[in-house]
Structures are given as structure tokens and as C-alpha cells.
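The values are calculated or read from the model by the stated rules, or taken from the named source; none is laboratory data. Fair warning: this is a prediction, and the values are worked out from it, not measured in the lab. Note: ideal-geometry Cβ built from the backbone for every residue, glycine included; neighbour counts use all protein chains shown. Note: areas computed on protein heavy atoms with side chains; ligands, DNA, RNA excluded. Shrake-Rupley method; radii C 1.70, N 1.55, O 1.52, S 1.80 Å.
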Amino acid sequence: MYRVAADIGGTFTDFVIEDQKSGEVRIGKVPTTPDNPARGILNGVNQLIEDPKDIEFFVHGTTVGLNAFLERKGARVLLVMTAGVSDTYTIARGHREELYKLHYRKPKQLVPRKDVHEVVERLGPDGAVVTPLDINSLDPIIEKVKAENIPAVAICLLHAYANPAHEKEVEDVLSRELPGVSISLSHSVAPEWREVERASSTVMDAYVAPVVELYLATLKKEFLDVGMNQTIHVMRSNGGVMTDVHASRHPITTLLSGPVGGSIGGVELSKSTGLKNLLCVDMGGTSFDLSLVVDGQPELSNETVLQGLPLLMSIINIDTVGAGGGSLAWVENGGLRVGPQSAGSVPGPVCYGRGGTQPTVTDANLFLGRLGQESLLNGDMTLDMDSTAKAFEKLGEAIGLSATELAEGMIAIGNAKMADAMRTITVGRGIDPRDFTLVAFGGAGPMHAVELARELDIKQILIPNFPGTFSAWGMLQSDIRHDFAATHYAISDDVDISQIAVLFDGMLNDGSKTLTEEGVERSQMEFMRSVDLRYVGQEYTINVPLGEDLDLNGAIDAFHDLYQARYGHALHGSPVEIINLRLTAVGRLERASVSTAEKPASQDPLASHRDIIFNGQSYHAPIYKREALPNAEMFQSPAVVEETSATTIIPPGYTFSIDDIGNLLIQAEENAQ
Amino acid sequence: MSNPVNPITTEIIRNAFNSIAEDMNAALIRSAYTPIIYEGKDCAVALLDDRGEVLGQSLGLPLFLGNLSLCVQIVAEMHGWDYFGEGDVIFLNDSYIAGTHLNDVTVIVPIFWKGKRIGFATSRAHWLDVGAKDAGQPTDAHEIYQEGMRWAPTKAYRAGEPCEDILTFLKRNSRFGDALLGDLHAQIAAGSTGKDRFCALLDRFGLATVWAARDDIFRQSAEMERQTIAAIPDGTYRADGALDSDGLTDDPVPVKLTVTVEGDHMTVDLSGSAAQTRGAVNCGATQTVSAARVAFKLLINPKRPVDGGTFTALEVIAPEGSIFNAQEPAACSWYFSSLGLLIDLFVKAMSEVMPTDAAGAHYGDSMVLILTGYDDAKNGELFVAVEANTGGWGGWDGSDGQDCLINNVNGSFRDYPIEVYENRYPIRIQKYGIRADSGGAGKFRGGNGSYREYLLTNDASMSLWFERSHTTAWGLFGGQAGKPPEVVVTHPDGNEFRALKSNATPLKAGTVIEVKTGGGGGYGDPAERAADLVQADIENHYVSTAAAQTAYSS
């Protein structure tokens, strides 16, 4: 029996297949089929697994919702808000993201103003009814949805986080009058205060709902047709998984389903290696994604912004900068710049021979020998060294550098940019990166990992098994996870703990009910409480764990300490505001045992040698085949480790070895710079 | 050697300067206590070199652009560079040094590396209350002494030790002493972040390399700027307008602006503008320079980060004793109204030779409503609700102006969510929306202003600062002007009054305040507006059918 994960990317769908008994892992890649991603998955399953009935657990990261949003191909949504204030959605808080732009336009909302409607009702901040709901004011809305065949309705009423009664009443009426129309309610999507952010989240849910529902139904049907009748699991933005049933009910939670796999993979690596703090970096062609594992835990946020649109949802913190193998070099007033523009896949880097003439970071890697001419796709793609060299000479002349200096310089600038992003998520938050191990994956990550680590004075680097499909592997390591929240505003010196207990009990009920629906046994359930705190009058909150005993004072002490650690000062003894209560419900999933199988010792790991330039000096470096490297034997850099999905470059000054679970561990030598 | 660093090192160091400034800004915003900082982004940070020139600056409040640099240089002129000791933290808010109102406090953290002073991590942020005569910010001050405490450069820390006497003094002279100290420490945290990261950069590259890279970066910026100016035809370009009043009388306050372009050099001359007024629309010369820089930056290389090479081609003339170079004891609380107008006028003056870069004028000012009182439901606790209002921006060649956007001298200010506002203050926001028909008609129309209706559920006193009803947002190249702002107050007994400025007017629970902000100016002849755009405006209720018929039926 197998556990299978599929990560649907823009070009390829990556597969990781785990044999449940032996723990053996296989990887595979099939082209993504954007018109119907379910077909790509099925192609992969058919190619890689003899009998789909042998699949016991299937999880995948879907970009269906995200793509519908990015390409603006979601459903037409009608938004209903409280009478008098429905323009708040369109005004979107009135701020400017770019301050030196006379020609500024706000990010375009998903719902045009003509489709935003009002219902007569009003609640106060405590949830008390100020104006009763006037059901008749829904009539024109019902007529319009019918007449114009609008497939989705989002409802966001003022103060619904405090009292959802009016939203529920509206839902009752609309679902009765408008069968088949998808309805999203703000108190269910994001039960937190701030009407603009909540409305925006609810609209997003409604916008992707029909697309995600259709996709999941199609996938399920096609799976059934080939005899696989197991539940389909979907990765969610918070790093947990959920069943397709739940995903259809809360489509917004699938939005960042893809990239979180890598972060969860990081958490699992932390468990299996005992390394508590990991800085995970995923470098592909156009972007560089960073996330942290601190003390074995992923970092979560409860809010994010996508293309300028705010979303209240639980999400793994992933920072992205525009730097990758495709980043282009250019000259401005005698200064050399790298990125953020990317050559993309067309024309792509010069060395791909598809018409690119401007050098990219990938070209620099080839020119310096870091990337072999036959390294990509196991030699199925040969790279064009001649054109690459010409491109470097030409640009080098323009700026007074030799071709080698330019190539090394481009990598240095690209690395420095990525390192600045790494500093921002560590040093910028009061975290010392030297306490971390760098975990690098993605197609280009292992190529730059060691030099990035050196920029931050990180001594240890880990390249996991199958770095090119690490995100898919991470998905297999996840648990079922649901996050619940309730806004409860109070000041620390005037708290009614019984009210807080009631709210937590309510969330606990919801949590165990949801987990039960997802087939989780009670013994496998776990619940974590936390509370968002801040000093009186502040805006940003810090999320602090809260024990089952609801020891708020303990949590407040922890808050002062966290604040001190993050900002270098704290106001011990000052009153603290409680904003939101949160409950995380986790259903533990069984894993395959970790493979520790000994490898055949017969194969010679040394494949060849190649001339590689580091710091202007050429080294005749050994090229190793990763799958043939024996466990626990120490090797010396400079060296290159090649495998199907990636190439790891190790500059002088490091030792490296394969640990007992197959990770490539690279260590700076004591006296290395 | 003239250029001992290669372009690669220079680029790495240039990115690092900007990244350091971003991190300083993040530290400040995330640890600040007052919403005006973390929501209004009424703050700015800059990393400066040993002579106070900008190495890196994050995009904070535009009006503080380049101003921190001048502050450090003025303090050095006063006390010498050795005044800045290791472990010191210096703060100041003197309007005649910093240029802005007393609520804006500049904090300077000198940076030492290997025992040598090599730079400054500086920030400025708006503090909620610095002890003015009225809570928040008075609108009727006529001397700076009424506007709060005025601090010449003062040390809050000496050699790493807090000056407890000074800190206690600060705390006791503010209505929100805890928040004041919290914001001071947020600024110190930003300073520490800048200091740590700058020292780490020096550890890696050494001083000589970093300075050589700096020189190269400044050269690049200065060169880019001169090229852009050289492309503008030589000549003299003028525009003028007026503020409604100084808040004390009804007399307009004229602003006159002359831009001279000569080769690769530009001069902004404010001669002919009003003499300093009794009311608080004055500012120090430093702030006028900043505003001129913001205006300049809107049209000249807006995407290039600011550094010590930026603005070397710009000269600003602000006559002494005018509203733009005010002297003691001129009041400065509402200094930004004059500067917002200055910026709009600069764009207007240059529109003649930069028609595609320009835009119609925007609604013009922060349009501030302040409500303060003692909340009966919270045991008489003091509340101060201060909020700016969004309005319409001007259309430009290719697009309509934005509806309901915060004004040009504000940062990325966000309005308060109604749900947060109502939890915090005994006030209900009954209506908040887009004010149809308020943007000026044009081939590309001006953006619409906003309207809000507040119901007081507790007694409160109201201060208003609404401007630009005299010089409303003008259009360009045939575009029409936007509508002016309006405020209507209806007492519980049904009587109403209109005002645009007022100070601490007492109002009873049950009073309704309706505020409307102006729209932006249109661009181009309305007769040329595409029919489908006119239709879409009607469908989306941005323009009423009647108004569309008047403006667009040719």
C-alpha cells in the first residue's frame, strides 16, 4: 500500500510515493494539465503506480483556487453588506501602497461596486441589535441573482463576529430562495473584527468556491472510475490537511495549498534530525520562498495580503522575493543590477538556446562550471556554453568587468539579495540566524545554499532527499488541522474568564465535530489554545499559547517576554488587550516508517571532475552522484553533488556527509571564513 | 584610486542600505503604540552616514523625506559632531529645527564602529499627545507654546543609561504618558536595528569599501537625476493657489510657486507666498525643503530609492518670515495644509512641459475630524478619536483619478475599521461611502470624495480641520474641478450648522456629524470621454445620470 502526494506546479506536477511498509520513497514528474489538473494527477498515478487501488492515502496541493484568482477566472460574486456602509469594501481603507506615485490606483476588487448590495440591519459592537433585520430588503438581491444567474453570494454584516444571528437569517432566506447558489458567510470564513478585511476574505471564498468545488468533484469521480475510493486529502494554507468534503465547504483554505508543503517538510526534518531551528529556502526559476521552523514549530500568521487584497486566514508564514535562476542582469548608470525581472521559461536563460540574450543567474552558474552542460534533466537537455560566454563578455565590456568577474558578481548580488531577505525574517524579528540550520530545496536552492549560509554566518546546511520534489514530500508529513477563532475584546485588568471559557468550549465542540467528520479517532485528536494579545492601543497582536487551565496571567507574562525578545523592550506590568481567542484542532495521521535501509556499497560515487571557479580561482572539483554516496562518510569540498532533481555546489572550506536518513549535511570547517 | 570598489560590491552594499532601512521601519511600526504610527505610517526612518547624508531610507511618510538628514546636520551645527556620543539617544521636536509640528518627534541614535562614530540611525514619528493646550491637536493655536512641549535636542539616554529624570518629565507632561514612552522606545528599537545591521555590514566589508561604495551610489543617483532634468525644456513655470484660512480668520492664505529649469538644475521658489500667519499653517524651512522634494520625486525618477545623491540638482527658496520659513513664535500644528498645496502646485506648474507625468489636483488636505470626551460607559475614561478622511485624486493621461484615497502628505494611512472604531469610542459610524459626482469631469475624470456620518452616543467636543474649499482640486487640459468639502452638524433638536474649521466645539449625545470630502480634478476635455466609461460610471453609481448628462453630452 502507498501513501501518495502530488504537488501541482505551473509546469510540472511532482509526485512522491511512499511505500507504507518498507518506507521506500520514489519520486516522479508529469506535465501539469492546466485545463483540467485532475487529468495530470491521474496520468501521474497511472504511470507511477501499477494499481491505483493500492493507494491508501492521497494528499495534494492544489493551485486551482489560486490560479482562478490570479487569472481572475473565479465566479461572479454578489456581496451583501450592512445598509449605509457597503462602500467600505470598495474604499478598502483608502490607503496608498506606493507613496511616490501620482498615478496611483488601488488594487482592483473582485466585486465591482454595482454588485455590492445592502441589507437593512445593524448590530452594535457588543452584538446587540440596533436595527432589526428587514427581510424584505433582500428581495431586490434575490431578483438580481436569479435574473443575472449569479453563481455565488458573499455576506458580510457589521459586527457579525460578535453575533452571527443576522448573517444566519440572511443565509436561511437566500439558500431557500436561491437553490444551487454558493453562499459564503463572513462569520464562518473569518470570525474576526475589521469589516473590510472580513468582507474581502468572504468574497475570496465565494470567488473560488465554484471552481474548487467543481475541480474536487471531477477529481473524485475520476479516481472512483479507476477504482480508488479513498478520501482525497487537500493541503491547506495553514500547513495541515483536510478532506475534500471540508475543502469544498471552505474553499479559501486551499488558496496557498502548494508552497506550504516545503515548510511542513521542514517541520518533519526538525523532528527526524533533532535540529530545532531551521531556515527553509525554496529557490526556483523566478522566486525565492523563505520560511522558519522555530523550536520545531512552523510559523503561522492569521492574516495575509494577496495582490493587495487582505485575507484573514490561518497561513504558514512564507516570504517571497523575486530572485531565482531566471533573474536577469542589467546595467543602470554604471551600476550592475540583478533581477527582479526574470527571463521566465520563454525566452529563458541564454544557455537554453531559446533566444535569450541577457545573462541570468542560471547562465552564471553554467559559465562558472557550477552547473554542468549536461546537468539538467539527467542530461536530456544540453546547455549552450558558447552563446552564454558571448553574452557575458558583451555585458562585462559594458561595465568594465571580465566575463568571470561579471558571472561571479551576478551570483554575489543575487545571493546578497536573498541573504537580505533571510536577514529580514530573522534578524529583523530579533532571531539570530546563527542558531539555525539552512535547509535548501527547489530546483535551484541547493546550488546557492552554501554561499547563502555563509552570508548569514550559518555553519550548517542540510539538503534533504529529493530536494526538487521536497514540497510534495512535505505534504505526506502533515496532519489534519483546523483553526478556529473568536474575537473577544477585553483588557487584562478587567477580564471575565468564564466568558472566555464559554468561547473556548464552543470552539472545542466545533473542532471535535469537524475532526470526527473527517474520520479522526478521538485518541488521535489534539487541541491547542492560544490568544492574540497586544498592549493597550496597539494594532499588531502577538499570538501566545494558552494552556487548558486558561492561565491568562501566565500567557500575559509570556507575552511580555516575547515582546521583549522581538522588539528589544517591553512594558512589564502595563495592561494588555485581549483581541482574539484561537483554537487549533489537530487530527494525527499515521506515517510510514522512515527508511534507514543501507545502500549498496558497490557503486562508485565519484562520477567525474569539472573545473569550477570560486572567488576568481579555478578548482578541479569532484562531481559525486548523490545516490551512490555512502552514509556517514566524511567528504571534503570543493565538490559538486548531482542528482536527478538538483545540483548541490559546495565551495572550499566545508565538509559534508550523508546522515542515516539520507540528508546531505554540509558543515563549515572551523577556520573557514 | 578613484573607484576602488567594483560595481558588484557597490550593488550589494546599495541593496543592504535599503534593506537596513526597511528593517528599521518594520521594527518601528510593529512596536509603536499609537495607531497614527502603525496605521497612519506617520513616521519615517533613515540610515545616515558620518556626515548625516542618507544611505538608505524606507518609504515612510513622504513629508519627512530627506528631513532626518537635515535635522542631524542642524544639531551638529549647534553642538558639534562630538555631541553625539556612543550609547546616546537624542530626541527633538522643535518646529524651527525639524520644520514640522511638535507632535513629530525625531530620535537620533549615533552609530559607533570600532570606537569611531560612523553614522546615525534616525527616525521620526507622530506622538499622540505632547502636552498641547487641548487634547489631540488644537486647531486655534496662535503661538507655538500652546501646541505642546518644545524640545531642542535632548538626551533620553547617555552612554547607554536612561536619563530617568528626562523620561519621567516627558511622561508627566503628556495626556498619554505611557504611549509616549512606548513610542519613544519603538523609535529606539528602530535605531538599534539600524545600528546592529550597519555594524555587521562594516564588519564584512570594512569602512573604506563601504564609503567608496557610498560615493559611487551617490554619483549614480545624482547622474540619473541630472539626466532627467536636462530632458525638461529650460524655462520658468508658475502656479498659485490659496488655503481657505489660517483657522483664526477667514482670509485666504496665498501660495505662489515658481519653478525654474536651467540645464540640469531646478529651483523651486516660494517668494510671493503669504507672510507667516497667526494661525497654525506655518512650518520651518526644513519641512518646506522636504515638501519640495516630495513634489520633485513625484515627477523625477519616482522609483529610485532616496540617498545622499538625490536632490543635489534641486534648490529650494523659502523666504524667511513666510509661512514656509516661519520664525518663533509662529504656530505650526497644521503645517501640512500649506505643503499639500505646494505639492499640487508643483505638479500643475510642470504639467505644461510634463503633460503625461502630471495629473489633475487632488482633494488637497487631510480633512481631520477630532472627537474627544469622557466615556460614560467606561467610568469617564478620556477618549481622543482623531481621523483623517480620504478624497478624490486627479485624473491623468490614461486613467481616471482614484476615488477615496488618502491625501499626498499622508503616509499609507488606513481609515479605522468601523468595527474597531465603535468598540473603542462611544460613537457610531452610520454611513461611510463614496460621494458620487464629486470628482471633476474630464476625458479622464477626477476621483470621487467620501462621506461619513457619525452619531455621538456620548457627549464630546469636536475639532475640525477641513481645507481647500477656496482652491478646490483643479482640472488640467480642459478637465473640470472637483467639488469642495462640506461638514454639516445636526444637534439632537434638529438645528444644524455648517463649518470647515472649529476648535473643541462642545456637542451633546445624539448629535449627528456629516462630513464630505472633495473630489479630484479631471484631465482633458469631458467631451472626449469614451461612451463606455460614462456608462460604467452610471452603472456603478460613481456619476449620477443627471450629472453625466450635464458633463458628457456634447
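Please verify whether segment B:142-154 includes one or more residues that are farther than 27 Å from B:Pro62 by Cα, open to solvent by 10 Å² or more (accessible area, probe 1.4 Å) and not aliphatic (A, V, I, L, M).
No: segment B:142-154 contains no residue that is farther than 27 Å from B:Pro62 by Cα, open to solvent by 10 Å² or more (accessible area, probe 1.4 Å) and not aliphatic (A, V, I, L, M).
Output the residue which, of all residues in segment A:507-523 that are in a helix (DSSP H, G or I) and over 20 Å from A:Arg582 (Cα atoms), is modelled with the lowest pLDDT.
Filtering first and then ranking leaves A:Glu517.
Tell me, which residue of segment B:275-291 that is open to solvent by less than 10 Å² (accessible area, probe 1.4 Å) and away from chain A (no Cβ under 14 Å) is nearest to B:Glu467 (Cα to Cα)?
The extreme case among them is B:Val281.
With respect to B:Lys256, determine if the residue is closer than 19 Å to B:Leu339 by Cα, within 14 Å of chain A (Cβ to nearest Cβ) and out of contact with any helix residue (DSSP H, G or I) (no Cβ under 6 Å at 6 or more places or on another chain).
No.
Would you mind listing the strands (runs of 3 or more DSSP E) fully within segment A:263-344 where at least 1 residues are at positive phi, in contact with a strand residue (DSSP E or B) (Cβ under 7 Å, 6 or more places away or on another chain) and not β-branched (Val, Ile, Thr)?
Output list reads A:335-342.
Given A:Gly335, A:Gly372, which one is open to solvent by less than 10 Å² (accessible area, probe 1.4 Å) and within 14 Å of chain B (Cβ to nearest Cβ)?
Among A:Gly335, A:Gly372, only A:Gly335 is open to solvent by less than 10 Å² (accessible area, probe 1.4 Å) and within 14 Å of chain B (Cβ to nearest Cβ).
Scan segment B:76-97 residue by residue and report those that are more than 20 Å from B:His185 (Cα to Cα) and surrounded by 24 or more Cβ atoms within 10 Å (Cβ to Cβ).
Correct list: B:Ser95 only.
Just checking, which of B:Lys133, B:Lys114, B:Lys171 is open to solvent by 50 Å² or more (accessible area, probe 1.4 Å), at positive phi and either of a type in the set (D, E, K, R) or more than 14 Å from chain A (Cβ to nearest Cβ) (or both)?
B:Lys114
For segment A:263-280, state whether one or more residues are buried (at least 24 other Cβ atoms within 10 Å of the Cβ) and touching an Asp or Glu at 6+ places or on another chain (Cβ under 7 Å).
The answer is no; no qualifying residue exists.
Which condition number in (1) more than 8 Å from chain B (Cβ to nearest Cβ); (2) open to solvent by 10 Å² or more (accessible area, probe 1.4 Å) is the one that A:Val77 fails?
A:Val77 satisfies all of (1) more than 8 Å from chain B (Cβ to nearest Cβ); (2) open to solvent by 10 Å² or more (accessible area, probe 1.4 Å) except (2).
What strands (runs of 3 or more DSSP E) lie completely within segment A:99-167 and have 1 or more residues being within 34 Å of the chain's Cα centre (by Cα) and more than 30 Å from B:Phe64 (Cβ to Cβ)?
Fully inside segment A:99-167 and qualifying: A:116-119, A:152-156.
Mind checking which residues of segment A:303-327 are within 14 Å of A:Leu256 (Cβ to Cβ) and open to solvent by 40 Å² or more (accessible area, probe 1.4 Å)?
A:Glu303, A:Val305, A:Gln307, A:Ile318, A:Asp319, A:Thr320, listed by residue number.
Which of the following residues is open to solvent by less than 10 Å² (accessible area, probe 1.4 Å), under 22 Å from B:Ala125 (Cβ atoms) and either at the interface with chain A (Cβ under 8 Å from one of its Cβ atoms) or of a type outside the set (A, V, I, L, M, F, W, C) (or both): B:Glu419, B:Glu387?
B:Glu387
Considering each residue of segment A:90-121, count those that are among the charged types (D, E, K, R), touching a strand residue (DSSP E or B) at 6+ places or on another chain (Cβ under 9 Å), open to solvent by 30 Å² or more (accessible area, probe 1.4 Å) and more than 29 Å from B:Val409 (Cα to Cα), and give that number.
Result for segment A:90-121: 1.
Considering each of A:Glu633, A:Glu670, A:Glu642 in turn, give the residue that is acidic (Asp, Glu) and not in a loop (DSSP other than H, G, I, E, B).
Of the residues listed, the single one that is acidic (Asp, Glu) and not in a loop (DSSP other than H, G, I, E, B) is A:Glu642.
Which residue, of B:Asp215, B:Asp203, is over 27 Å from the mean Cα position of the chain (by Cα), within 11 Å of chain A (Cβ to nearest Cβ) and under 30 Å from A:Arg337 (Cα atoms)?
Only one candidate passes the filter, namely B:Asp203.
Matching residues to (1) at the interface with chain A (Cβ under 10 Å from one of its Cβ atoms); (2) closer than 27 Å to A:Gly94 by Cβ; (3) of a type in the set (Phe, Trp, Tyr):
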site: B:Lys303; (1), (2), (3): yes, yes, no
site: B:Phe311; (1), (2), (3): no, no, yes
site: B:Val316; (1), (2), (3): no, no, no
site: B:Ser333; (1), (2), (3): no, yes, no
site: B:Phe336; (1), (2), (3): no, yes, yes
site: B:Ile343; (1), (2), (3): yes, yes, no
site: B:Glu352; (1), (2), (3): no, no, no
site: B:Ala361; (1), (2), (3): no, yes, no
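Does B:Ser412 count as within 19 Å of the chain's Cα centre (by Cα) and more than 10 Å from every other protein chain (Cβ to nearest Cβ)?
No; evaluated as a whole, the condition is false for this residue.
Does segment B:424-442 include one or more residues that are more than 9 Å from chain A (Cβ to nearest Cβ), polar (S, T, N, Q) and either under 26 Å from B:Asp344 (Cα atoms) or in contact (Cβ under 8 Å) with a residue 40 or more places away in the chain (or both)?
Yes, because at least one residue in segment B:424-442 is more than 9 Å from chain A (Cβ to nearest Cβ), polar (S, T, N, Q) and either under 26 Å from B:Asp344 (Cα atoms) or in contact (Cβ under 8 Å) with a residue 40 or more places away in the chain (or both).
Table: residues versus (1) open to solvent by 40 Å² or more (accessible area, probe 1.4 Å); (2) touching a helix residue (DSSP H, G or I) at 6+ places or on another chain (Cβ under 6 Å); (3) at pLDDT below 95.
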| position | (1), (2), (3) |
| --- | --- |
| B:Asn448 | no, no, no |
| B:Asn458 | no, yes, no |
| B:Pro484 | yes, no, no |
| B:Pro492 | yes, no, no |
| B:Glu514 | yes, no, no |
| B:Tyr523 | no, no, no |
| B:Pro526 | no, yes, no |
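For segment B:313-365, name all the residues that are among the acidic types (Asp, Glu), in a loop (DSSP other than H, G, I, E, B) and open to solvent by 10 Å² or more (accessible area, probe 1.4 Å).
Within segment B:313-365, B:Glu320, B:Glu328, B:Glu352, B:Asp357 qualify.
Output the residues belonging to segment A:390-445 that are more than 8 Å from every other protein chain (Cβ to nearest Cβ), within 25 Å of A:Gly262 (Cα to Cα) and β-branched (Val, Ile, Thr).
The answer is A:Ile411, A:Ile425, A:Thr426, A:Ile431, A:Thr437, A:Val439.
Rundown of residues vs (1) within 21 Å of B:Ser95 (Cβ to Cβ); (2) modelled with pLDDT of 90 or more, yes/no style:
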| site | (1), (2) |
| --- | --- |
| B:Met1 | no, no |
| B:Pro4 | no, no |
| B:Met24 | no, yes |
| B:Ile29 | no, no |
| B:Tyr38 | no, no |
| B:Glu53 | no, yes |
| B:Pro62 | yes, no |
| B:Gly66 | yes, no |
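So which pairs qualify, if the first residue must be in segment A:98-117 and more than 7 Å from every other protein chain (Cβ to nearest Cβ) and touching a residue at least 12 places away in the same chain (Cβ under 8 Å), the second must be surrounded by 20 or more Cβ atoms within 10 Å (Cβ to Cβ) and assigned to a loop (DSSP other than H, G, I, E, B), the Cβ gap must be under 6 Å, and the two must be at least 6 apart or on different chains?
Between residues of segment A:98-117 that are more than 7 Å from every other protein chain (Cβ to nearest Cβ) and touching a residue at least 12 places away in the same chain (Cβ under 8 Å) and residues that are surrounded by 20 or more Cβ atoms within 10 Å (Cβ to Cβ) and assigned to a loop (DSSP other than H, G, I, E, B), the close pairs are A:Val116/A:Ser86.
Quick one: which of B:Ala551, B:Ala509, B:Ala547, B:Ala504 is open to solvent by 20 Å² or more (accessible area, probe 1.4 Å), touching a residue at least 40 places away in the same chain (Cβ under 8 Å) and in a loop (DSSP other than H, G, I, E, B)?
Residue meeting the stated conditions: B:Ala509.
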